[in-house]
Structures are given as structure tokens and as C-alpha cells.
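Please treat every number below as a calculation from the coordinates, not as lab data. What you see is a predicted model; the values in this text were computed from it and never measured. All Cβ positions, glycine included, derive from the backbone under ideal geometry; neighbour counts span all protein chains shown.
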Amino acid sequence: MNLALAKNETGRGLSDSFAVARDRLPGTGKVAEARSAAFEAYESVGLPHRRIEDWKYTDLRASMRDVLPLAPAPDEAALKRAAAAVKLQSIRGVRRLALVDGVFVPKLSDLDGLENGVAVATLRGVLESGEATLQAQLLTLDNANPMVALNTAMMTDGVVIQVADGVVRTQPLQIIHVATGTTPAAIFTRSLLRLGKDAGATLIESYIAADGATTYQVHDSLIVAIGDNARLDHVRLVEDAREAFNISSAVITLGARAHFNTFGMTSGAVVSRYQATIAFAGEHSRVETNGVNLLNGRQHADTTLFMDHAVPNCASREVFRAVVDDRGHSVFQGRIIVRPHAQKTDAKMMTRALLLSDEAEADNKPELEIFADDVTCGHGATTGALDESLLFYLRARGLSEKQAQALLIQAFVGEAIESIVNDDLRELAISAAQRWLEARA
């Protein structure tokens, strides 16, 4: 690949990694061309830094510094450690789809007895099959975002799920990402969910580390298309190893009269960034997004959401909570755009941060861009500490300081967690929050 861009050692290292990895990357012809174009788009910018407005709070050039080499395919020892990690994350009544070090693993997945109207394939299989429609959808992400461009260039595997018109799944689907590597490496995955008209589904995304996995990078993308009159419930839990990086992107498109309810919680990884674009393509649709950051030590977690109201008569709600201890840093950037023809839009956003130490930091940046005149829109942001009078009240009744803090923290994040409709998944999120609370005791 001939590039006019002058490269430093980091740039040359990544170019070499891309050249070496090409034989492992699925897809030829247009897919390979798209990879090369995406890699050139990434190299023209490199790792995002604070001079890029959308990345002003998350400077990957300073924190990540380098993109690690592509993780090798898991061997038997890695699969054994992954199986143990997956067992600890088992959820009753959930169909599991396992990605280990960026590779789909059938024997750790539940593929038997899929319902009529539900199809599950692998990204690798789709990119190698020549299925033009699915390939086009998988390759539509915007290369203007350098981390999305890098994901397009390097994606190795993922899950492609299609739910036919009229099919309402009662059994949730879980895409579980497991990192097993004991040496530093990068994992690149991309998944797609297509939900037909009048369909319904629940999707869980879990990010975990097997025993011994510490320093690794997750680069993931998710593409979702929700059909007319369809509903998707989505739960996303990031519990990566404490030295890991997790950079994830999502693009969600809603048809008419569709409903998207999503909840995300980040309690793992030293640096994480979740960037999602949610676009209304049909009228009378509704989106509810809820999120929680639970951070301590030197953890940095960034949630950046772009809500695109492009059509009339749609509603969106965003509720975000952050609890930050020690020298942790939480970032929430929420941008709502109401385009000129999107009359009767009803959009609200509220973010609150709870700081548990003097060195903790929370940056909240809610934004509204309104180009229509008949709308109801609003946003708010607050940052504060635990209420000392409530702490005194609880301690006067025999609770320790940590126990009293835990009760108040649980109440603080409870509004967001209660948005999870499925009882078992709500308990899963509560358990993740409790593990974080117990770790700081």
C-alpha cells in the first residue's frame, strides 16, 4: 500500500500488522477493497486525540498510544480458560453466542434448535460467502471516525443475526466476548442484528476476561436495523480486565413505530469508549437509553451518544448515571439533533454524576441542535457528592460507612437499572454493580 503520509514507529508497526494479518482476514474482492480504503482512512488520522472535538475527553493517542497486534486464534488452552469464564457468566434461559479472542466458537455457543424465522451466521462466513446484501450492510459504517475505520479494516469475526417478520423471541440472545490472551493483543469484531417487521428480541452484549488475561484491546462494532412495529431490548455489560481497553461503536436504525430500549453498564477496563448513533428512519418510534459508569482507581469510561431525529413524531429519553471513586474519570457526551422536518419530536436527556473522592472527575456534555419549531426538548446535568445527612442517618442505625455508601449508591443507579424489562437480566446488572461495590469495600 503506497501512502504519502509520513509514519512514525507506531504507524509503521500497525501497517506491518495489517499486512501480516491480511491472510487471516475474511473476504476478497469488494470486501478487501473496503478494508484497504478503511485502513487508509484510519492512517490519515491515526489514534484520536483531544484536538478532535468528539474525542476531547478521551485522548487515545496519550492513553492507548499504540494499537496492539492482532490476537491469534484461540488454541485448546485458551478455549478451556474461556469455557470456565463463560460458565461463570451463564444466564438462565439465554441463548449464548461466544466470541473468543475475536473468533466465533460453536462449541461454547447454543446453536441447536433455533426457532423458525431466526438465523445465526458468522461474520467470517458472510464476508466469505459473497452475500451482497449482508456484506453491504456490514460495510456501511462511516470511515470518518478513525476507530470505526480501523475496525472495518481489521474485523475478523462476529455474529450475524436475522429475525424474520412477525417473529417475537422470548429467549434472549447473548453475544459474549471473551479475552483469553496472556500476551498483549488486539481483538477486532463486528456483529449485525436485523429485526424484521412486527418482530421482537432481547440482545445482551457481555465483555469479560478469562483467567490470566490482563492487557488487551477490544475493538468492536454493532450494527442494528429495527423494522417497522418491532421492539428490541438491549443490555450491554463491560466487565473487561482492569488493564484492558474497550473501544466499541454501534449504529442503530429504527423503522416506523419501532421501540428500542437499551441499558449499558461499564465497570471494567482501564479505558473504555462506547460511541453510538441512533437514527429514526420512521415516524412514531421511541428510544429509551439508560447507562451507568462505575469507576475507581484510574479507570476512564466515555459514553458518547448521537440521537438523530430525522422524521416527525418520535420520542427519545436518555438517563445516565456515573459513580466515580479514587482518580476515576467518567465522560458522558449526549447530542440530540432535531432536523428541520422532524416536527412533534419529544426528546429529553438527563445525566447525573456522583463523586466519591476529591480526585474523581466527571465531564458531562449534553447538547441539543434543534432545527424544527414544534418540539418538546430538554436536557440537564448535575454533579455532586453523597448526601452527608443521609450517611449520618444510616450510620446512626448501625451501618458501617461503606455499607451506608453502598445503599445510597444502589439507590442512585437504581433508576437506570430498573429500565431493564427482563427480571433475570435486571438481576444480572444488579449483580455486576454489587461486585463493583464489594471490590471497593
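Of the GluC sites (Glu not before Pro) in segment 333-413, the ones in a loop by DSSP (not H, G, I, E or B) with at most 14 other beta carbons within 10 Å are GLU359.
In terms of surrounding Cβ atoms within a 10 Å radius of their Cβ, MET349, MET147 rank from fewest to most as MET147, MET349. The lysines within cross-link reach of LYS107, meaning a Cα-to-Cα straight distance under 21 Å and a gap of 8 or more places when in the same chain, are LYS80, LYS87. Counting other Cβ atoms within 10 Å, keep those with at most 15, restrict to DSSP loop, and tell me which chymotrypsin sites (Phe, Trp or Tyr not before Pro) in segment 356-441 are left. Sparse-neighbourhood loop chymotrypsin sites (Phe, Trp or Tyr not before Pro): PHE371.
When LYS197, LYS87, LYS30 are sorted by how many other C-beta atoms sit within 10 angstrom of their C-beta, beginning with the fewest, the order is LYS87, LYS30, LYS197. For GLU243 and LYS87, the FRET efficiency from 1/(1 + (r/R0)^6), where r spans their Cβ atoms and R0 equals 30 Å, is about 0.85. Partner lysines whose Cα lies under 29 Å from the Cα of LYS348, excluding those fewer than 8 positions away in the same chain, are identified as LYS56, LYS197, LYS365.
What's the FRET efficiency of ASP110 with ASP211 using the Cβ-Cβ distance as r and R₀ = 30 Å, to the nearest 0.05? According to the calculation, E is roughly 0.85. When both segment 246-300 and segment 56-83 are represented by their alpha-carbon centers, they are found 22 Å apart. Applying 1/(1 + (r/R0)^6) with R0 = 45 Å to the Cβ-Cβ distance of THR376 and ALA77 gives a FRET efficiency near 0.20. In the chain, the calculated helix contribution to ellipticity at 222 nm averages -7500 deg cm²/dmol per residue, counting -39,500 (n - 2.57) for every DSSP H run with n ≥ 4.
If the segment from ARG397 to VAL421 were pulled out straight at 0.36 nm per residue, it would be longer than the present Cα-Cα gap by 5.3 nm. Relative contact order for the chain: 10 percent, from Cα pairs under 8 Å spaced at least 6 residues apart, divided by residue count.
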